[in-house]
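Student: One structure follows; several queries about it will come next.
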Amino acid sequence: MKTILDQLTINKNRLSQNIEQLAEIGKIGETGVCRPTLSTVEKKAFELVSKWMEDAGMTTRLDNCGNLFGRIEGKDPDAPVLMIGSHLDSQPNGGRFDGTAGVLSGIEAVATMTEKGIVPDRPIEVVSFCDEEGWRFNKGLFGSRGIIGKLDEGELGRVDKDGVTREQALREFGCNPDKLSDSVYPPGSIHSFLELHIEQGPLLEKVDQPVGIVTGIAGPLWLTVKVKGFAGHAGTVPMYMRQDALVGASEMILSFNELVKRDSAATTVGTVGALNVSPASRNVIPEEVEFTIDLRDIDLDRRNMCEYDLRENFKQIAEKHNVTVEIIEDQNSEPSFCAGWIKDIIRSECQHLGLDAPNLMSGAFHDSLMLSNVCDYGMIFVRCKEGISHNPAEFASNEDLAIGADVLYRTVLKMMK
Ligand code: HGY
Ligand code: MN
Ligand code: MN
């Protein structure tokens with residue numbers, strides 16, 4: 001009996017070699033990567049991936065938002081484009097499959113079409129979006145928001161930990177941030193969007209399936225919380241007289257953690273990933289604390305309720321500790337749902353391969369979340385070991401990645417009409 005791997009059309013070895021070769025760029029330790037957005041490391045990755053795009057028969061370009069595009073023309077070059085993509089930037093201590101699996105599978109699908117002499121009815125573009133992860137400038141999905149015209153005021157002025165602005169980083173990368181609007185796709189010019197990504201969760205491994213069909217993406221709310229107290233001598237200020245910003249912030253963080261867990265059946269998740277204390281001296285009562293909030297849910301009403309409650313709680317805790325609290329909104333993306341017709345295509349292509357692919361929601365956000373503002377989209381998830389991601393231990397097998405890429409290729413053949 002033919003195994004699934006015997007039925008694949010895409011070139012499994014080329015895909016796995018490309019993934020391994022790309023993983024060397026920005027490599028940390030044995031299996032990790034650090035590929036900051038708009039860095040010289042990402043630039044090297046773009047040079048390598050551009051070559052693979054051209055080998056696959058695509059023309060390539062870098063737009064002013066720092067996005068790398070490969071394009072093959074369709075029989076109707078003016079038809080709205082079928083876009084496939086993800087990202088090559090990584091977390092500071094990330095894994096080698098997050099984002100790269102989607103870009104390289106997209107290239108593999110087009111390379112296979114070119115080898116078979118298949119000309120799509122409509123143009124196809126494979127894209128690596130700029131700054132999907134959002135950690136360098138504390139606001140993500142920059143490139144995908146850029147092409148749909150959803151950049152906010154002040155984006156170019158955001159600075160990284162070294163004081164480099166996004167504007168400077170774009171210029172050094174070879175982009176012209178004075179012409180961001182040139183990168184916007186006119187309404188109706190993108191037919192649909194398809195993204196393959198590792199699941200970054202444990203479900204596919206649990207049900208022993210190599211791929212899954214994404215139903216929707218939880219919407220992230222990113223906040224920065226600034227707590228201000230009063231610096232004092234650690235040895236002389238009595239406890240009852242203190243305005244300790246760190247004690248106040250700690251109580252806020254614990255209250256937030258309790259809040260997001262209150263409904264155990266809910267899909268609400270909340271994380272405080274970064275915290276800074278100043279003046280950060282052992283014998284000075286902390287004057288200022290700044291920490292980040294990442295709150296997500298596929299249910300927007302429930303997420304909004306959580307946000308309201310956390311704001312009320314933080315106000316009360318600040319009063320209790322005689323400190324002030326300021327909450328700044330960095331990012332607010334609503335949840336979105338995949339198009340039924342694309343899910344149906346993915347499901348039928350999985351069935352042709354003898355796969356019983358489960359439906360699943362994505363707790364992680366993706367560039368698809370932004371494209372959902374302008375077109376229908378679908379996502380294919382690939383199993384990853386123990387659901388680990390944003391961690392050098394992230395792992396997806398060559399076999400699962402090849403099966404996912406083949407499902408992507410088959411889905412493209414249907415969507416490109
Ligand atoms: O944070 C996320 O969900 C994505 O992996 N950047
Ligand atoms: Mn990702
Ligand atoms: Mn990620």
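Student: Filtering segment 48-69 down to residues that are in a loop (DSSP other than H, G, I, E, B) and more than 17 Å from residue 173 (Cβ to Cβ), which residue is farthest from ligand 1 (Cβ to nearest atom)?
Tutor: Here the answer is 57.
Student: Then there's this: What pairs come out if I take residues in segment 136-163 that are among the aromatic types (Phe, Trp, Tyr) and pair them with residues that are within 16 Å of ligand 1 (Cβ to nearest atom) whose C-beta lies under 6 Å away, six or more apart or interchain?
Tutor: Hits for this filter: 142/130; 142/131.
Student: Okay, next question. Please go through segment 70-118 and pick out each residue that is more than 12 Å from ligand 1 (Cβ to nearest atom), under 13 Å from the mean Cα position of the chain (by Cα) and assigned to a loop (DSSP other than H, G, I, E, B).
Tutor: The one that is more than 12 Å from ligand 1 (Cβ to nearest atom), under 13 Å from the mean Cα position of the chain (by Cα) and assigned to a loop (DSSP other than H, G, I, E, B): 88.
Student: With the condition being in contact with a Cys (Cβ under 7 Å, 6 or more places away or on another chain) and either on the phi < 0 side of the Ramachandran plot or crowded, with 16+ Cβ neighbours inside 10 Å (or both), I'd like the strands (runs of 3 or more DSSP E) fully within segment 154-240 carrying at least 2 qualifying residues.
Tutor: Hits in segment 154-240: 190-198, 211-217.
Student: Another one. Which pairs turn up if I take residues in segment 350-367 that are touching a residue at least 40 places away in the same chain (Cβ under 8 Å) and look for partners that are among the acidic types (Asp, Glu) and part of a loop (DSSP other than H, G, I, E, B) with beta carbon separation below 6 Å, at least 6 apart in sequence or on another chain?
Tutor: That search, which allows pairs on different chains as well, returns 367/132.
Student: Out of segment 359-389, which residues are out of contact with any Asp or Glu (no Cβ under 8 Å at 6 or more places or on another chain), under 18 Å from residue 184 (Cβ atoms) and within 12 Å of ligand 2 (Cβ to nearest atom)?
Tutor: Residue satisfying the conditions is 369 alone.
Student: Only one of these is within 14 Å of ligand 3 (Cβ to nearest atom), surrounded by fewer than 23 Cβ atoms within 10 Å (Cβ to Cβ), under 15 Å from the mean Cα position of the chain (by Cα) and assigned to a loop (DSSP other than H, G, I, E, B): 140, 134. Name it.
Tutor: Result of the check over 140, 134: 134.
Student: From the list 111, 56, 79, which one is of a type in the set (Gly, Ala, Ser), in the same structural domain as residue 35 (by TED's automatic domain parsing), more than 16 Å from ligand 3 (Cβ to nearest atom) and out of contact with any Gly (no Cβ under 9 Å at 6 or more places or on another chain)?
Tutor: Only one candidate passes the filter, namely 79.
Student: Whether any residue in segment 309-319 is touching a strand residue (DSSP E or B) at 6+ places or on another chain (Cβ under 6 Å), within 16 Å of ligand 1 (Cβ to nearest atom) and modelled with pLDDT of 95 or more is what I want to check.
Tutor: No.
The values are calculated or read from the model by the stated rules, or taken from the named source; none is laboratory data. Predicted model only: the values in this text are computed from it and were never measured. For neighbour counting, all protein chains shown are included, and Cβ atoms are generated from backbone atoms with ideal geometry for every residue, glycine included.
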